[in-house]
Amino acid sequence: MAEKLDPNRVIELTREGTRVRASGRPKDACPYPLDSPERIAWMEGFDGEQADQAPDLPMDQI
């Protein structure tokens, strides 16, 4: 079972990813291991979207 992070830690990691992107650094600057909850939260901040959210459908397919 996947490790659950403290909600405050998730916010901190998401903000960290956002700051890294804003500073112009690449996505591979993420310091957390692959498939870790920390990396997922960091990437959500970097990408600006939730990792487990499916993409929106085009309006004509709703």
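The values are calculated or read from the model by the stated rules, or taken from the named source; none is laboratory data. Just so it is clear, the structure is predicted and the values come from calculations on it, not from any experiment. Every residue, glycine among them, receives a Cβ derived from its backbone with ideal geometry; neighbour counts consider all protein chains shown.
All but one of (1) part of a loop (DSSP other than H, G, I, E, B); (2) at pLDDT below 95; (3) at negative phi; (4) exposed (fewer than 12 other Cβ atoms within 10 Å of the Cβ) hold for Leu34; state the number of the condition that does not hold.
For Leu34, the failing item is (2).
Enumerate the pairs (first residue in region 25-46 and free of Cβ contacts under 8 Å to residues at least 24 places away in the same chain; second residue anywhere and in a helix (DSSP H, G or I) and of a type in the set (A, V, I, L, M, F, W, C)) with beta-carbon separation below 6 Å, excluding pairs fewer than 6 apart on the same chain, so at least 6 apart or on different chains.
Lys27/Phe46; Ala29/Val20; Cys30/Trp42; Tyr32/Trp42
Note down all Cβ pairs under 6 Å where the first residue falls in region 1-17 and is within 9 Å of Pro37 (Cβ to Cβ), the second is at pLDDT 95 or above and surrounded by 13 or more Cβ atoms within 10 Å (Cβ to Cβ), and they're at least six residues apart or on different chains.
Glu3/Pro37; Leu5/Pro37; Val10/Ala41; Leu13/Glu38; Leu13/Ala41; Leu13/Trp42
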